[in-house]
Amino acid sequence: MAFSIPMVIVTLFWGFVGGVVPWFIPKGPNRGVVITMLVLTAVCCYLFWLIAILSQLNPLFGPALSNDTIWYLQFHWR
Amino acid sequence: MDSFFRSEEMCLVQLFFQTESAHNCINELGHLGLVQFKDLNPGTVAFQRRFVKEVKKCEEMERILRFLENEVVKSNIPIPADFTSETIPVPRDVLDLESRFDKLEQELKEINSNRDTLRQNFTQLMEINHLLQMTDDFFEEVAIRLFVAGVIKHERFPAFEKILWRLFHGNFVLRHAEIKPHEEENMDPVKKDVFVVFVQGDQIRGKIRKLCDGFHASMYPCPNNAYARKEMRTNVNTRIEDLRLVLKRTEEFRETTLTAAAANLQEWASKVKKMKAIYYTLNLCNIDITQKLIVAEIWCPVSDLNSVHTALIHGSEQSGSSLSPVVNRIQTQQTPPTFNRVTSFTSGFQSIIDAYGVGNYQEINPAPYTMVTFPFLFAVMFGDCGHGLVMTLLALWLILHQEHFRKLKNELIDMLVDGRYIIFLMGLFSIYTGLIYNDCFSKSFNVFGSSWSVRPMFHPHGPWTNDTLHDSGHLHLDPLVSGVYSGNPYPFGVDPIWNIASNKLSFLNSYKMKMSVIMGVAHMLFGVTLSLVNYINLKDVALQFIPEVIFMLSLFGYLIFLILYKWCVVMKSESAPSILLLFINMMLFDYSSEGTVLYRTQKPVQIFLVVVAVLMVPWLLFAKPLLLYRKHKQLKFLSLLFCLSLFFGVKKAFVSLQVSMADIFVYQGIHTIEYCLGCISNTASYLRLWALSLAHAELSEVLWKMVLQVALRVTSGMGSVLLAVTFAAFAVLTVTILLVMEGLSAFLHALRLHWVEFQNKFYKGSGYKFTPLSFDRMRDMQ
C-alpha cells in the first residue's frame, strides 16, 4: 500500500507535466520547442525516479553500519 | 516552429540593381541580416577584384581610427558609449572621412613629436638646474681649474667610478650627489646623480668626456666662479618657467583635439566598418559591361523573401533612383546553406551542436532535444543538489546582469555569458538529480523516514544481542529478518541510511551502473527513432530502420528487461544470478551451469532473441545494396536501349554505375559494422555516467570529512574562529574543484555522449552554415 502511493503521485505529476500542460501552451513561434522540452523533461525525470525506486524495491543485501551508528539508531529511530 | 526541428528552406535569388543605388540597397540588406551573398567571381584573386582599392582605403582608415583610439585611451579621455545614428555611408562619405582622418592623424603626430621634444628640453634644463644647485660646495672644496660636470643615471654611477679609477689611478677628484626630485617634476622617474670630475690635464679631460659618452651621461658646461653660476641659474630658471607654460599649452591643445575626436570615434568606426563590408560584398557581385547594372546572387530563406524585397525597394528609394531592383528566384542543384533560426535561449544549444558539425541542408536538427537531454545527462553525472543550487544561482546572476558582463570584453566571461541558459538548466536538473541521489554537499536528507530499521535485528526478533555490538565494529542489516526492511522503498530517491552505511558503495555502484545502461539504451533508441524522420520513402525505412531497431531491442532491450525483472521480483541473495554472466552466456549459447535462470522460459526466449539479432546483420548489410543494384540493372538496360546514338555518354554512364555499386556495398558494410559494434561499445560508454557521479560524490565526501568536519569537531573556545577559517577553505575548494573542475568535466562528457553516441545514430552533419551579411553581428563580434 505504501508503495503504491508514491508511485501514483509521481506518475500523475510527471504525466501531468508531460501530457496535460503541452495542450495549454499558447500558440506562437516557440510552441513546438516548449512542448518538446516539457515532454522530454517529464520522460527523463520520471524514468530517473522510477529507476531509483525500483532498485530499492527488493534489496538483496542490507547496509553495514558501525556499532556506534547502530547504538544511536536503536534508540532514536522508530 | 518547424524551422528549429529542421533547417529552413532556402532559395537562390538573383538581384539586379543599379550602380547608384547599390550602396543603399546593400546597406538595407546588411541591417536586415537575412541574406548571404554568393561569390560570383570565384576565380579572381583578392587584388584583382574591382573594389580592392576602396577596401584598402577602408582598412587604412581603420588603422588611423585604432591609432586615434589608442591616443584617446592613453590620455584617459572617456569615449561616450552611446550612439544611435544610423546614417547610410555613401561613396562621397568615404573621401570626406578619408581626408578628415588623414588631417587628424597628421595633427596628432605633430603634436606628439612637439611634445616629446619639449619634454626632452625640459628634462635637460631641470638637470642643468640641479647641477648648478648642487655643485656649489664642490667648487668651494676643490680648487682645481679643469673639470667635467654632468648628470648620470644613479645605477650606472658605481661602474663609472670604478672605470675612472682603473683608467686614471686616482689622478682626479670626483664629487657626486644624488638628485632629489621635487614633487612637480615627475617627468623623469629614473634616479639620477650629479657629478663633477676635477682633473689636471686637458687630455685626461678629453678621455673623460669620451667615457661619459660611453655611459650615456649628459655633460653640461658649468662656469667656474660662483657669480657666473648664479647668473646661469637665473637664466635657466626663466627658461624653465617659459618651457613649463609652453608644455601646458601643448597638452591642453592635444586634449581638446582628442576630446573632439573621441566624441565621433564610435560613429566613424561603425561607418567605416559598414563601408568595408559593403565594398567587400560588391566585390562578390558581377558588374555588367555598361557599368550601370550590378548582378548579385544570394541565398535567402524562403519565408523572408518578402522582407528582402521590401528592404531593396526601400534602399533604392533612398538613393533616389528611378528603377526598383529586380528580384528573381532561380532553381539550382547546388546545396543551400543550413539556416536554423535561433532565439537568445536556443542559440547556446545550437552552437554546441554546430561545433561538432553543421547539419546537412534540411536534415533533422538535434538541438531541440539536446536542450533537455544535455543538461539532464550533465546532472546525472553531477548529481548534488547543494552544488546544483549554487550553479543555478550563478547562472541566474549571469542572466540578470548579462549586459554588465558583456561590457567587460573578456573572452572567458563572454563564453560563460553565451552559455548562461545552458548553465541555468544544468543547475536546475542537478538539483533534481541531487534530490534523487539524496546528496547535498555529501549529506542526505531524511524527509520520509528510512525504510530500514535497526531494532528488529536485536533479540528476541533477530540474531543480535548487546554483546554482538561490543564484539564487532561493523554489522550488516539482514533484509530477510522481518521488520528490518519495511517492504516499502523510500518514496523519493535513495534511502538516507545508505549515507551512513560503510558498504554504501556496493549498493550505489550496482544501482548507478544499471541506471547508466538503462539511460544509455533509452538515449540511443531515441536517436535511432529520430533517424526515421530523415527517411523520405517507406523503402528506406524497411531496409535500414527496422533491422537497426530490432537488433538493438533484441539484445540491449532484453538486457534492460533482465535488469528490471531482477529488481522487481523477490529472490534470495544466494540464488540471484549475475546479470552480466547471464548476458555473456546468452551470447555464447552456454546454458550448462546450474542456477542461471531468472524465469522459467528463459532459455528458448534468449536463443530466439540472439538468432533474430544475428539475422538482422545480413539484412542490414545486403538488403539496400541489392535493391539498388537491381534498380541500376534496370536503368542500364533502359539506357542501353535508348542511348545507342550517344556512344560516349553511355560508356561513361556504365563506368560510373559500376564504380558506384562498389561504393554502395562498401559504404553499407561500414555502416553495418559501425552500427552493430557501436551498439555494444556505445552502451558501455554510457557507464561514464556512473563513473563521474561516483567521482563527484567521493570528492564531495572528502571535502566534508577532511575539511569541514575537522573544524566542527573542535570543542575548545577557539573553535568558532577555526570554523570560520575552515569554512572559507571549504567554500573555495568546493567552487574550484567541485563546481569548476567537475562541472567542466561533466559538461565535456555529456557533450561527448551527445556528439558521438547519440548523433551517430542519425546525424550526418556535413553541411555549411548560413552566414548572412549582418551589421548587428559584426558589431557584436568586435
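Every number here is computed from the coordinates shown, using simple stated rules; none is lab data. Bear in mind the structure is a predicted one, so any value in this text is a computation, not a measurement. Heads up, the Cβs are rebuilt from the backbone with ideal geometry, glycines too, and the neighbour counts pull from every protein chain shown.
List of remarks:
- Spin-label pair B:Ala695/A:Asp68, simplified geometry with 7 Å Cα→Cβ offset, distance in nm: 3.1
- Computed FRET value (nearest 0.05) for B:Val142 with B:Glu255, which takes r as the C-beta separation and R₀ as 51 Å: 0.60
- If the chain linking B:Ala542 and B:Met219 were pulled fully straight, counting 0.36 nm for each residue of separation and taking away their Cα-Cα distance, it would gain 106.5 nm.
- Expressed as a fraction of 2.2 N^0.38 Å, the C-alpha radius of gyration for the range B:390-465 is 1.95.
- The mean sequence distance of close C-alpha pairs (under 8 Å, at least 6 residues apart), as a share of the length of the range B:296-388, puts its relative contact order at 20 percent.
- Cα-Cα separations in the range B:333-454 greater than 21 Å, expressed as whole percent: 52
- Length-normalised contact order for the range B:1-151 - Cα pairs under 8 Å, 6+ apart - percent: 24
- Radius of gyration and maximum dimension Dmax of the range B:259-364, Cα, Å: 18.7, 56
- Size descriptors for the range B:205-298 (Cα atoms only): Rg and Dmax, in that order, 30.8, 88 Å.
- Rh by Kirkwood over Cα pairs, then Stokes-Einstein D for the range B:124-271 at 1.567 mPa s and 4 °C, µm²/s: 73
- Of B:Tyr437, B:Tyr565, the sequence from fewest to most neighbouring Cβ atoms within 10 angstrom is B:Tyr565, B:Tyr437.
- Note on B:Glu9/B:Glu59: beta-carbon distance plugged into 1/(1 + (r/R0)^6) with R0 of 35 Å gives a FRET efficiency of 0.40.
- Cα gyration tensor shape for the range B:352-414, rounded if a/c is under 1.5, else prolate or oblate: oblate
- Distance (nanometres) between label positions extended 7 Å along Cα→Cβ at B:Gln318 and B:Leu412: 4.2
- Angle between chain B longest axis and helix B:688-703 axis [Cα atoms, degrees, rounded to 10]: 60
- Hydrodynamic radius (Kirkwood) for chain A, which is based on Cα pairs only, to one decimal in Å: 15.8
- Whole-number D in µm² s⁻¹ for the range A:36-78, Kirkwood Cα-pair radius fed into Stokes-Einstein, 4 °C, 1.567 mPa s: 96
- Cα-centred dipole magnitude for the protein assembly as shown, charges only on beta-carbon of K, R (+1) and D, E (-1), debye, nearest 20: 1800
- Normalised contact order of chain B, rounded percent, pairs of Cα under 8 Å and 6 or more residues apart: 21
- With Cα atoms as the point set, the range B:1-60 shows a radius of gyration and Dmax of 15.7, 45 Å.
- Helix B:647-685 vs. chain B, principal-axis angle (Cα, 0 to 90°, nearest 10): 80
- Working note: Cα gyration tensor of the range B:674-736, eigenvalues times five, square-rooted, sorted largest first, giving semi-axes of 43, 10, 4 Å.
- A convex hull fitted to the Cα coordinates of the range B:113-186 yields 124 cubic angstrom per residue.
- Angle between chain B longest axis and helix B:157-168 axis [Cα atoms, degrees, rounded to 10]: 50
- Full extension of the segment from B:Arg329 to B:Met706, taken as 0.36 nm per residue of separation minus the current Cα-Cα distance, would add 128.7 nm.
- Cα point-scatterer Debye curve for chain B, base-10 log of I(q)/I(0) at q = 0.05, 0.08 Å⁻¹: -0.56, -0.98
- Computed from the Cβ-Cβ distance with R0 of 56 Å, the FRET efficiency linking B:Thr343 to B:His461 stands at 0.35.
- Over the protein assembly as shown, the fraction of Cα-Cα pairs per 20 Å bin, rounded to whole percents and listed from the shortest bin up, is 10, 26, 26, 21, 13, 3, 0.
- B:Leu638-B:Asp471 pseudo-label distance in nm [points 7 Å out on the Cα-to-Cβ vector]: 8.8
- log₁₀ of I(q)/I(0) at q = 0.12, 0.18, 0.19, 0.25 Å⁻¹ - the range B:686-782, Debye sum with one point per alpha carbon: -0.67, -0.91, -0.95, -1.17
- Only the Cβ atoms of Lys and Arg (+1) and of Asp and Glu (-1) were treated as charged; on that basis the dipole of the range B:382-427 about its Cα centre amounts to roughly 140 debye.
- 21 Å Cα-Cα threshold exceeded, pairs from B:Lys191/B:Lys230; B:Lys153/B:Lys180; B:Lys407/B:Lys769: B:Lys191/B:Lys230; B:Lys407/B:Lys769
- Shape descriptor for the range B:492-550: Rg over Rh equals 1.33 (Cα atoms; Rh from the Kirkwood inverse mean 1/r).
- Centroid-to-centroid separation of the range B:722-747 and the range A:30-78 [C-alpha atoms, Å]: 26
- Distance from the C-alpha centroid of the range B:495-526 to that of the range B:201-237: 89 Å, rounded to the whole angstrom.
- Helix-only mean residue ellipticity at 222 nm for the protein assembly as shown, each DSSP H run of n ≥ 4 adding -39500 (n - 2.57), per residue, nearest 500: -19500 deg cm²/dmol
- Paramagnetic label zone (point 7 Å from Cα along Cα-to-C-beta, B:Asn41; backbone N under 18 Å) in the range B:275-309: B:275-298
- Once the chain from B:Ala355 to B:Glu178 is taken as fully extended at 0.36 nm per residue, the excess over their C-alpha distance is 57.4 nm.
- The range B:305-323 and the range B:89-153 have their alpha-carbon centroids 57 Å apart.
- The aspartates and glutamates whose alpha-carbon is closer than 14 Å to the alpha-carbon of B:Lys56, local same-chain residues fewer than 8 away aside, are B:Glu98.
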